[in-house]
Amino acid sequence: MKKMQILFLGSLSLLMLVSNSQVLAKSSSLSDAVSDSAITANIKAQFGKSNLMNASDIHVKTNDAIVTLSGVVDSNTQASTAVEIAESSKGVKDVEAKDLTVKDSHQPMEDTYITAKVKGAILKEELFNNKNASTVNVHVETQNGTVYLSGDVLNKQQAKQAVKVAKSIHGVKGVVSHLTMSRGSSQQSAQM
């Protein structure tokens, strides 16, 4: 009789343990789902606050804290900003943006690569070759192989040098400069 009671209590304890782990597993799944929807809502809210993009152009989906962005945006800057916002959001493990495209750009990955190369070359020029150059405020964007430069430089020589550096990058089809001289000089804007 005592063995039966011990066996019964052992079975009951095992049954309770299994039930509790199933409840905890369901609770964890529910918590993950709530976290995923909270991440998505937070990212959409941040998109809505951004002056650079229309939040309705980008679709956000989160699964196991991995955010997937899709849709069509107007520029590489908007795509980059969307990824930066998503990546910097609390709880996000990773961001996938392979379905996020730039309107009218037939080569968005190539454009992103060119932009990165131009930015690196301008920074390298500033750091190693021309210590007086202040091109930190130069914004670079590429669309269909054409590099667009904007921002402030100190003089026309710096603007010319930034254009020269951009033209030296393999894959650049053209350079459009909208660089502004910060010392009251007029804006230089030319298709080159």
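The numbers here are math on the coordinates, done by the rules we state, and not lab data. It should be emphasised that the depicted structure is a prediction, and the values quoted were computed from it without experimental measurement. Here Cβ is always computed from backbone atoms with ideal geometry, including for glycine, and neighbour counts include all displayed protein chains.
Details
- Burial ordering of K119, K124, fewest other beta-carbon atoms within 10 Å first: K124, K119
- Order of M181, M53 - criterion: other Cβ atoms within 10 Å of each residue's Cβ, fewest first: M181, M53
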